1. Filter region 1-52 down to the residues that are open to solvent by 70 Å² or more (accessible area, probe 1.4 Å), under 23 Å from Ala85 (Cα atoms) and not in a helix (DSSP H, G or I) and list them by number.
2. For a quick check of your reading of the model, give me the residue pairs whose first member lies in region 72-89 and is closer than 22 Å to Ala111 by Cα, whose second is of a type in the set (Val, Ile, Thr) and open to solvent by less than 70 Å² (accessible area, probe 1.4 Å), with beta-carbon atoms closer than 9 Å and at least 6 apart or on different chains.
3. Would you mind finding the one in Gln68, Gln55 that is open to solvent by 40 Å² or more (accessible area, probe 1.4 Å) and within 12 Å of the chain's Cα centre (by Cα)?
4. Assuming Gln100 fulfils every condition listed in (1) touching a Lys or Arg at 6+ places or on another chain (Cβ under 8 Å); (2) assigned to a loop (DSSP other than H, G, I, E, B); (3) touching a residue at least 24 places away in the same chain (Cβ under 8 Å) apart from one, which condition is it?
5. Among what's in region 80-98 and is in contact with a helix residue (DSSP H, G or I) (Cβ under 6 Å, 6 or more places away or on another chain) and over 16 Å from Gln68 (Cα atoms), pick the residue that is most open to solvent (accessible area, probe 1.4 Å).
6. Please work out if Arg77 is part of a loop (DSSP other than H, G, I, E, B), open to solvent by 40 Å² or more (accessible area, probe 1.4 Å) and more than 17 Å from Val22 (Cβ to Cβ).
Amino acid sequence: RVMSAELLQAWVNDDVGLSRPVLSFEEDLANGFLLAELLHRHRILPKLEGFSDKQSVAAKMDNFRRLQPALVDLGVRFDSRLANAMITKRAGVALNLVYQLKLAIDSARSA
């Protein structure tokens, strides 16, 4: 069962409630900061210290490097190729990652 982009957007914006709305998954999640916030809101990341909401390649790579262990712990496949696809805003990659996160978070909650 695949969830629509609209439903995922409603989940991120209305249910999770990040520091700014997600209007475009590719654009808004490209630096990894809002993903860190999402994981923090679900108590998967204990703190947001060290994550930066900047657009430099170095900041983006550092954010994804910090996110990787938490994503892998959730059972979400994440590696440097996927990080690069997020940073370069490859179509569909961010949406799919958010879908995988939602499934993993819902699964952890019901366990």
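1. Val2, Arg20, Pro21, Leu23
2. Pairs that qualify, where the first residue is closer than 22 Å to Ala111 by Cα and the partner is of a type in the set (Val, Ile, Thr) and open to solvent by less than 70 Å² (accessible area, probe 1.4 Å), are Asp73/Ile44; Leu74/Ile44; Leu74/Ile105.
3. The unique qualifying residue is Gln68.
4. That leaves (2) as the condition not met.
5. By that ranking, first place goes to Lys89.
6. For Arg77, the condition - part of a loop (DSSP other than H, G, I, E, B), open to solvent by 40 Å² or more (accessible area, probe 1.4 Å) and more than 17 Å from Val22 (Cβ to Cβ) - is met.
The values are calculated or read from the model by the stated rules, or taken from the named source; none is laboratory data. Just so it is clear, the structure is predicted and the values come from calculations on it, not from any experiment. Cβ sites come from the backbone with ideal geometry, for glycine too, and all protein chains shown count toward neighbours. Calculation scope for accessible area: heavy atoms of the full protein, side chains included, ligands and nucleic acids excluded. Shrake-Rupley method; radii C 1.70, N 1.55, O 1.52, S 1.80 Å.
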